[in-house]
Amino acid sequence: MSVYLIADIKVTNDGWVADYATNVHNLVEKHGGKYLCRSGNIETLEGVDKDSTLIAILAFPTRAALDGFAADPLYAPYGQARQAGSISNFHVVDDTDIAGAIPYLKAG
């Protein structure tokens, strides 16, 4: 079952950004993941604007692959730098349909 990581980030100190942007995608790929987007072009269509600097959406083939990326010792310094220089909200969703009504998604 595929899973998606939605990273909603407000940068508070950009000293980590260049190094993170240059290197972390290689670690994501190492664990079978890929970026679907990593964008600062954010428009709130409904609800309260969260004042995010960037949103990234990553796809992983399984939850175990995502967990392997998050626990990779090579990622730790990048994650720590991001946490120190941002307000980060990470959400994980799978590829299911809670209502079970969309035929091309698994019922969830």
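No lab work stands behind these numbers, since they all come straight from the coordinates. Source: prediction; values computed, not measured. Cβ: placed from backbone, ideal geometry, glycine included. Neighbour counts: every protein chain shown.
Annotations for the structure displayed:
- Taking every alpha-carbon pair in region 1-50 and binning the separations at 10 Å intervals from zero gives 17, 47, 30, 6 percent.
- Ranked by how many other Cβ atoms sit within 10 Å of their own Cβ, fewest first, the residues Arg63, Arg82 fall in the order Arg63, Arg82.
- The translational diffusion coefficient of region 1-106, from Stokes-Einstein at 10 °C and 1.306 mPa s with a Kirkwood hydrodynamic radius over alpha carbon pairs, comes to 107 µm²/s.
- The chain - percent relative contact order, Cα under 8 Å, separation 6 or more: 43 percent
- Evaluated with a Cβ-only charge set (Lys, Arg +1; Asp, Glu -1), the chain carries a dipole of roughly 260 debye about its Cα centre, given to the nearest 20.
- Chain lengthening between Arg38 and Phe90 when straightened (0.36 nm per residue, less Cα-Cα): 17.4 nm
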